[in-house]
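Heads up, the thing below is written out as structure tokens.
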Amino acid sequence: MAHHLAEAIPARLLMWRRVREYAVPESMIERAAARSAVGDWAGACAAARIDVDLDPRTVRVRHGAESAARLKADLRRLAPDLLRWHMPRIAPDGRLRPGVTILLARYGSSAAPLDLVVRTPPAHADAGQRMSLTLREGPGDGAAAEHHPHPRPEPRFRLDLHRHLWDARRSSELARRCGTDEGPWAVTRWAAEAELLLRAEGRPRGAFTVRTGAHGRAAYELVAPDDSHAPTFRPLREPPRSQDIAALPVLPEAAARVLPDLELLRAGLITADRLHPLVAAALAPYDTAPVRTRGPGPGDPHRVECGGEVHRIALRDGVLTAVDHEPDQLRREELLVALGGPPLPCLRAIDAVHREPEALPAVRDRLTHGDVSGALAVVEGLLGPLATLRDGPLREELESAAARRIDHGIFRAGLVPVHPAAAWRGPRPRHDKAWTLPGKRRIRTRPRAGMFC
């Protein structure tokens with residue numbers, strides 16, 4: 001009999017499935033939508049764990065009424081939970097890409113720049129997975145950016161050309177611009193997206209690059225017979241030098257790759273009803289593949305064989321307890337355990353749930369993505385709201401999450417030294433010359449005798 005091996009699921013899609021399950025919980029979406037519905041954009045940002053570091057009233061004074069009006073209109077249209085949904089993430093856990101500044105909209109001019117940006121904290125301060133919404137007014141745009149590792153917008157992740165990823169009124173454009181190619185690259189959209197990119201840069205035609213990996217870029221040129229024909233792209237006839245490639249506009253990741261949600265739908269790893277409502281409405285026609293199950297779940301943890309019988313473990317008076325034992329018997333058994341005696345199977349099961357429950361991965365994933373309230377709800381549903389957590393991996397996860405939030409608070413308060421990448425304003429140092437360790441002489445390696453015969 002032939003063995004039929006199940007098709008392996010790419011690790012990237014497994015990561016995105018965890019992100020879609022834990023990073024933007026349904027409760028966050030509901031709270032943010034409720035605040036947005038009544039015009040409370042700041043409350044919606046708070047519900048989506050986005051700190052607001054801007055004051056629209058100062059924009060009118062410094063940049064005029066037109067810029068202030070455009071900013072207020074964008075803030076009313078902002079769906080902060082949708083923005084969090086589409087933020088760039090890193091493997092293997094799917095956390096927010098740390099220490100990045102992403103452009104959402106531009107209002108000023110080259111002489112008086114004014115950008116709406118969202119920033120993520122550096123990796124050492126990313127507990128809670130919070131973001132900050134602020135305005136950038138060019139170099140030296142306030143103390144808030146001084147301690148940020150990359151205060152300038154990253155062209156690779158710009159979203160000002162992809163407003164459908166954060167503007168609630170334009171989310172219906174997602175189906176047209178998500179990329180329908182099979183695979184991660186949206187090649188069929190590159191020409192149209194490159195035209196938008198070059199037009200935003202003031203270039204009707206020209207060359208652009210696509211980031212193909214951690215250290216690779218491919219260069220193309222956008223061509224068309226005339227303005228009445230749809231443009232196409234082709235590789236550059238002459239390979240450009242590396243410094244020339246770095247100076248070319250880069251196609252944003254949102255345009256270069258197929259939307260992860262579409263890949264998940266095609267692979268049968270998720271259904272449209274598990275997506276963000278605005279995303280689900282746009283991608284409903286693609287929800288055709290059957291969902292792959294994750295296999296049978298674990299056995300019932302609340303049934304234990306004890307003394308030749310099957311006993312129950314359940315929540316009573318806010319605490320997980322062995323309900324088929326009398327309270328006096330449980331107190332005697334706990335005292336015997338404290339004196340070194342063997343515990344009852346029921347007590348062993350309760351202790352295992354306290355220290356390393358089967359729900360620990362779900363708690364850990366929620367804490368990884370900043371959903372502390374969701375993680376505590378899982379713990380309370382498992383152990384009871386009045387339980388005293390015992391030593392073990394579960395308690396360590398909760399204590400570690402609480403401790404790391406202090407680092408985020410210190411970063412937000414600006415009580416950290418200025419980051420070298422944020423403080424340096426000059427050209428990047430060149431590394432094409434031989435270097436030596438400071439304070440030491442250059443060590444010349446002697447040729448081995450075995451190489452010369």
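Name, by its number, the condition in (1) closer than 17 Å to E154 by Cα; (2) at pLDDT 85 or above; (3) out of contact with any Lys or Arg (no Cβ under 7 Å at 6 or more places or on another chain) that does not hold for R217.
All conditions pass for R217, except number (3).
Farther than 30 Å from P80 by Cα, in contact with an Asp or Glu (Cβ under 6 Å, 6 or more places away or on another chain) and buried (at least 16 other Cβ atoms within 10 Å of the Cβ): is that true of P231 in this structure?
Details: farther than 30 Å from P80 by Cα: yes; in contact with an Asp or Glu (Cβ under 6 Å, 6 or more places away or on another chain): yes; buried (at least 16 other Cβ atoms within 10 Å of the Cβ): yes.
Yes; evaluated as a whole, the condition is true for this residue.
Kindly evaluate A6 against the criterion of being over 14 Å from G370 (Cβ atoms), modelled with pLDDT of 95 or more and surrounded by fewer than 21 Cβ atoms within 10 Å (Cβ to Cβ).
Numbers: over 14 Å from G370 (Cβ atoms): yes; modelled with pLDDT of 95 or more: no; surrounded by fewer than 21 Cβ atoms within 10 Å (Cβ to Cβ): yes.
No; evaluated as a whole, the condition is false for this residue.
Test each condition in (1) touching a Cys at 6+ places or on another chain (Cβ under 8 Å); (2) surrounded by fewer than 15 Cβ atoms within 10 Å (Cβ to Cβ) for G213 and report the one that comes out false.
Exception for G213: condition (1).
Here are L315, L360: which of them is in contact with a helix residue (DSSP H, G or I) (Cβ under 7 Å, 6 or more places away or on another chain) and aliphatic (A, V, I, L, M)?
Values: L315 fails: in contact with a helix residue (DSSP H, G or I) (Cβ under 7 Å, 6 or more places away or on another chain).
Going through L315, L360 in turn, just one is in contact with a helix residue (DSSP H, G or I) (Cβ under 7 Å, 6 or more places away or on another chain) and aliphatic (A, V, I, L, M): L360.
Do you know which of the residues in segment 347-396 that are polar (S, T, N, Q) and in contact (Cβ under 8 Å) with a residue 40 or more places away in the chain is farthest from R332 (Cα to Cα)? Quick ask: steps written out before the conclusion?
Going through segment 347-396, the residues polar (S, T, N, Q) turn out to be 368, 373, 388.
Pick out the ones that are also in contact (Cβ under 8 Å) with a residue 40 or more places away in the chain and you get 368, 373.
Values: T368: 40, S373: 36 Å.
Per the criteria, the residue is T368.
Give the residue, chosen from R156, R152, R237, that is part of a loop (DSSP other than H, G, I, E, B) and surrounded by 15 or more Cβ atoms within 10 Å (Cβ to Cβ).
Details: R156 fails: part of a loop (DSSP other than H, G, I, E, B); R237 fails: surrounded by 15 or more Cβ atoms within 10 Å (Cβ to Cβ).
Unique residue meeting the criteria: R152.
For A32, work out the one condition from (1) modelled with pLDDT of 95 or more; (2) assigned to a loop (DSSP other than H, G, I, E, B) it doesn't fulfil.
(2)
Does A322 satisfy the criteria of being touching a Cys at 6+ places or on another chain (Cβ under 9 Å) and surrounded by 14 or more Cβ atoms within 10 Å (Cβ to Cβ)? First the steps, then the outcome.
Numbers: touching a Cys at 6+ places or on another chain (Cβ under 9 Å): yes; surrounded by 14 or more Cβ atoms within 10 Å (Cβ to Cβ): yes.
When the stated conditions are applied, A322 passes them.
Just to be sure I understand the filter: pairs with C-beta atoms under 6 Å, separated by 6 or more residues or on different chains, first member in segment 145-161 and farther than 18 Å from R89 by Cα, second member β-branched (V, I, T) and surrounded by fewer than 18 Cβ atoms within 10 Å (Cβ to Cβ). Which pairs pass?
Every condition considered, the pairs that remain are E146/V418; H147/V416; H147/V418.
Mind checking which residues of segment 251-268 are buried (at least 20 other Cβ atoms within 10 Å of the Cβ) and more than 19 Å from S171 (Cβ to Cβ)?
From segment 251-268, those buried (at least 20 other Cβ atoms within 10 Å of the Cβ) are 251-252, 254-265; that's our starting set.
Scanning segment 251-268 gives L251, A256.
Checking V117 against (1) under 12 Å from the mean Cα position of the chain (by Cα); (2) free of Cβ contacts under 8 Å to residues at least 40 places away in the same chain: exactly one of these is not met. Which one?
V117 satisfies all of (1) under 12 Å from the mean Cα position of the chain (by Cα); (2) free of Cβ contacts under 8 Å to residues at least 40 places away in the same chain except (1).
Kindly indicate the residue of segment 70-114 that is free of Cβ contacts under 8 Å to residues at least 12 places away in the same chain and of a type outside the set (A, V, I, L, M, F, W, C) and also nearest to V279 (Cα to Cα) among those meeting that condition. Steps first, please.
First pass over segment 70-114, keeping only residues free of Cβ contacts under 8 Å to residues at least 12 places away in the same chain: 73, 90, 109-111.
Of the ones still in play, those that are also of a type outside the set (A, V, I, L, M, F, W, C) are 109-110.
On the way: S109: 33, S110: 34 Å.
Result: S109.
Do any helices (runs of 4 or more DSSP H) entirely within segment 352-453 hold 2 or more residues that are modelled with pLDDT under 90, and if so, which? Step through it out loud before you land on a result.
Working: elements: 360-368, 372-383, 393-412, 420-423.
Qualifying helices (runs of 4 or more DSSP H): 420-423.
The values are calculated or read from the model by the stated rules, or taken from the named source; none is laboratory data. Just so you know, these numbers come straight off a predicted model, no measurement behind them. Cβ coordinates were reconstructed from backbone atoms using ideal geometry, including for glycine residues, and neighbour counts include every protein chain displayed.
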